[in-house]
Amino acid sequence: MKYRAVEGIVSTTIFGKPVLIPSRRAMDRCNTIQVLSYRWAFTWNMLEQEKPLELILKMNRMFCREPDEVILEQIRAFEADLCKKGFLVELPEQEEQDG
Amino acid sequence: MNPTRIKLMLGGVPVDCLLRFPETAAWFADYQLPPGEPQSDPVMIPEEEWESFLELKLGELPYTEYSALTAFLSDALLSQNRVILHAAALRWQGRAILICGESGVGKSTQTAGLRRLRPGAFGVICGDRPILEHPSSWERRGESERPTVLVHPSPWNGKEGWHDAEAAPLGGIVLLSRGPENRIAPARNVAAAVRLYASFIQSSIREQNIRSLAELATELVKNFPVWTLESARVPDSTALLLETLESAPWPEEQK
């Protein structure tokens with residue numbers, strides 16, 4: 001699943017790759033304190049613009065960390081919260097295929 | 001609340017800062033400008049950020065204020081091409097080596113290990129949150145010319161309090177994590193840039209700042225040697241890092 005960033009989520013690039021990074025405003029409205037500790041993880045999550053579970057597993061493999069259910073749950077909840085509050089919009093399947 | 005005003009010199013930039021607790025000033029003692037010394041256009045925490053800072057619940061703990069100010073001062077310094085980042089900054093052969101990584105990953109352990117393996121060879125510019133001074137433009141004048149980035153000490157030195165008084169030109173960056181085995185590898189890729197981005201300290205209030213820091217992470221990874229170091233055991237991983245640093249083809253002008 002891909003996302004389209006709306007207000008509060010900054011769409012930019014890192015090393016030529018599109019990334020979505022939550023601003024403070026988005027974080028404040030959501031589950032900030034839990035997520036801030038894992039900011040890099042979340043940034044990675046947004047970088048890939050996929051669902052968190054696969055991403056975190058990918059990240060865990062990359063950084064050789066044991067999967068941590070607590071972190072997964074926090075990030076999943078944060079992402080859902082961002083969608084619910086309108087900071088992230090899931091792209092319809094057709095748009096996702098288009099690009 | 002009667003805020004206390006202090007005048008600081010951070011990364012070569014005069015900064016005007018208001019404190020909620022007068023006791024917080026003690027942590028900035030080495031960086032305070034003498035009272036009455038003229039300052040040209042000091043940097044201040046912008047109003048929007050300052051309001052956010054005031055909204056933070058700090059309790060009655062000056063230490064919390066000292067720590068929380070980092071993000072807001074880092075934002076303020078961004079207009080002067082400076083940013084505070086979470087890293088141990090070592091001085092080695094006239095250049096700065098940054099060891100970046102999450103809290104508790106072993107930055108101080110690696111720093112202490114390098115100093116033990118090569119007594120007198122490694123200094124510490126800043127033990128926890130150095131200030132990076134970067135160019136306003138990353139355009140190179142010549143193919144071999146590397147833009148100069150300076151690593152400055154700061155008032156945030158970590159629990160060991162390691163710091164010295166002088167800046168050094170950035171030489172390279174080590175992205176440290178824990179792993180099942182000791183491994184070091186060059187990393188000139190998007191994952192390295194993302195990890196470096198995450199080490200920048202910021203309030204994330206202004207979207208333009210987020211874009212600027214994303215660009216800075218990209219340019220640093222493009223222009224400087226970056227390694228990922230996975231550490232399973234010290235001192236073996238430290239020896240691996242030392243061997244890598246000592247065998248790297250450093251530009252002559254940095255020695």
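Coordinate-derived values only; no laboratory data. Because the structure is predicted, anything quoted here is derived from the model rather than measured. Here Cβ is always computed from backbone atoms with ideal geometry, including for glycine, and neighbour counts include all displayed protein chains.
With the alpha-carbon atoms of chain B aligned to their principal axes, the span from lowest to highest coordinate is 54, 40, 32 Å, starting with the largest. Looking only at region B:91-174, where both bridge partners belong to it, what percent of the DSSP beta bridges are antiparallel (to the nearest 5)? Antiparallel bridges make up about 70 percent of those DSSP assigns within region B:91-174. Grab the beta carbon distance between residue B:145 and residue B:41, set R0 = 35 Å, and tell me the FRET efficiency rounded to 0.05. The computed FRET efficiency comes out at 0.70.
Restricting region B:176-240 to GluC sites (Glu not before Pro) that sit in a DSSP loop and have at most 11 other Cβ atoms within 10 Å of their own Cβ leaves B:181. Evaluated with a Cβ-only charge set (Lys, Arg +1; Asp, Glu -1), chain B carries a dipole of roughly 800 debye about its Cα centre, given to the nearest 20.
Inter-chain neighbour count for B:205-213: the average number of beta-carbon atoms from partner chains within 10 Å of each residue's beta-carbon is 5.
Which shape class, rounded, prolate or oblate, goes with region B:1-80 when its Cα gyration tensor gives a ≥ b ≥ c as root eigenvalues, a/c under 1.5 marks rounded, and past that a/b bigger than b/c marks prolate? Oblate is the answer for region B:1-80, as a/c is 1.5 or above yet b/c matches or exceeds a/b. Look at A:84, B:107 and count the other Cβ atoms within 10 Å of each Cβ; fewest to most, that gives A:84, B:107.
If the segment from residue B:63 to residue B:246 were pulled out straight at 0.36 nm per residue, it would be longer than the present Cα-Cα gap by 62.1 nm. Dividing the helix sum by the residues of chain B, where each DSSP H run of 4 or more adds -39500 (n - 2.57), gives a mean residue ellipticity at 222 nm of -9500 deg cm²/dmol.
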